[in-house]
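What follows is a short report on a single structure.
The values are calculated or read from the model by the stated rules, or taken from the named source; none is laboratory data. Because the structure is predicted, anything quoted here is derived from the model rather than measured. All Cβ positions, even for glycine, are placed from backbone atoms using ideal geometry, and neighbour counts span all protein chains on display.
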Amino acid sequence: MFGLYPHIEPYQADRLPAGDGHALYWEACGNPHGKPAVVLHGGPGSGCTPGHRRLFDPAAYRVVLFDQRNCGRSMPHASDPGTNLETNTTSRLVADIERIRSHLRIERWLVYGNSWGSTLALAYAERHPRRVTEMVLAAVTTTRPSEIDWLYHGLREYFPGGVGAVPGRPAGGRARRGPRRGVLQAIDQPGRRQPGAGGASLVRMGGRHREALHLGCA
């Protein structure tokens, strides 16, 4: 099991206007002159936590965390009945990451994503490959319909008594697998896939309770 670094407090925190009435909460911790890294939380909808600050060596990294739009301390919050979620799309979330990077005057950074955050990290790297130095992805998913179907229905093969039959679903309860596409295309982007960084290397790292993918980008 991977260990965590000691608890630390941010040395900087603020909200950044992101258009469409959104204000993104962000914070920075660790070494202000260290290697830049951004943390993309899961959910979607959870928000960053003090535990995320402990993933990186505070003496070596300048760690940037933020609550994705409509999450955590970002405003407006999704729990507000008056909040319009039409502008909460993957493309806008990717643009938010770039907005924060530009605001902090960071040229390139390591991108860490967990669960839904791994999907967002892959989408960001597809759109902005030259802004990514490495990627660390934990609890990896691309949030494709087939994956969501497996999560909520495919598990019946392993826990047949725990999942009831769903009326109207095809035999076997599984969605048909479609053609492979870029992450942005698979979620909410019908356009062409953006070119990825050339020469990226892929290393699988295993832990007792965590599994991650590490990509070193050219």
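General remarks:
- Of the residues Leu120, Leu137, the single one that is over 26 Å from Asp20 (Cβ atoms) and at pLDDT 95 or above is Leu137.
- Looking only at residues of the range 72-111 that are in contact (Cβ under 8 Å) with a residue 12 or more places away in the chain, among the hydroxyl-bearing types (Ser, Thr, Tyr) and part of a loop (DSSP other than H, G, I, E, B), we find that the one that is nearest to Ala125 (Cα to Cα) is Thr89.
- Looking only at the range 117-145, residues that are closer than 17 Å to Ala95 by Cβ, touching a strand residue (DSSP E or B) at 6+ places or on another chain (Cβ under 9 Å) and of a type outside the set (Ser, Thr, Tyr) come to 7 in all.
- Filtered residue count, the range 60-108, keeping only those that are of a type in the set (Asp, Glu) and surrounded by fewer than 20 Cβ atoms within 10 Å (Cβ to Cβ): 4
Condition check ((1) under 21 Å from the mean Cα position of the chain (by Cα); (2) modelled with pLDDT under 95; (3) within 25 Å of Leu65 (Cα to Cα); (4) not hydroxyl-bearing (Ser, Thr, Tyr)) across all residues:
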site: Tyr112; (1), (2), (3), (4): yes, no, yes, no
site: Ala125; (1), (2), (3), (4): yes, no, yes, yes
site: Thr141; (1), (2), (3), (4): yes, yes, yes, no
site: Glu157; (1), (2), (3), (4): no, yes, no, yes
site: Gly168; (1), (2), (3), (4): no, yes, no, yes
site: Gly172; (1), (2), (3), (4): no, yes, no, yes
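- Residue identified as part of a strand (DSSP E or B), surrounded by fewer than 17 Cβ atoms within 10 Å (Cβ to Cβ) and at pLDDT 95 or above among Pro17, Pro32: Pro17
- Any chance Gly51 is in a loop (DSSP other than H, G, I, E, B) and under 26 Å from Pro6 (Cβ atoms): no
- Close contacts from the range 26-39, counting a first residue that is under 25 Å from Cys71 (Cα atoms) and among the acidic types (Asp, Glu) and a second that is crowded, with 20+ Cβ neighbours inside 10 Å and modelled with pLDDT of 95 or more, with Cβ to Cβ under 7 Å and a gap of 6+ residues or different chains, come to Glu27/Leu65.
- Tally, over the range 35-48, of residues that are among the basic types (Lys, Arg) and either on the phi > 0 side of the Ramachandran plot or not in a strand (DSSP E or B) (or both): 0
To keep it simple, each residue is scored yes or no on (1) under 22 Å from Arg131 (Cβ atoms); (2) not charged (D, E, K, R).
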site	(1), (2)
Leu4	no, yes
Gly21	no, yes
Tyr25	yes, yes
Cys29	yes, yes
His33	yes, yes
Gly43	no, yes
Ser46	no, yes
Arg54	no, no
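- Screening the candidates Arg53, Arg130 for the property of being in contact (Cβ under 8 Å) with a residue 24 or more places away in the chain and crowded, with 16+ Cβ neighbours inside 10 Å yields one hit, Arg53.
- Looking across the range 135-159, the residues that are aromatic (Phe, Trp, Tyr) and part of a helix (DSSP H, G or I) come down to Trp150, Tyr152.
- Test: Glu126 is assigned to a helix (DSSP H, G or I), out of contact with any Ser or Thr (no Cβ under 7 Å at 6 or more places or on another chain) and either among the acidic types (Asp, Glu) or on the phi < 0 side of the Ramachandran plot (or both): yes
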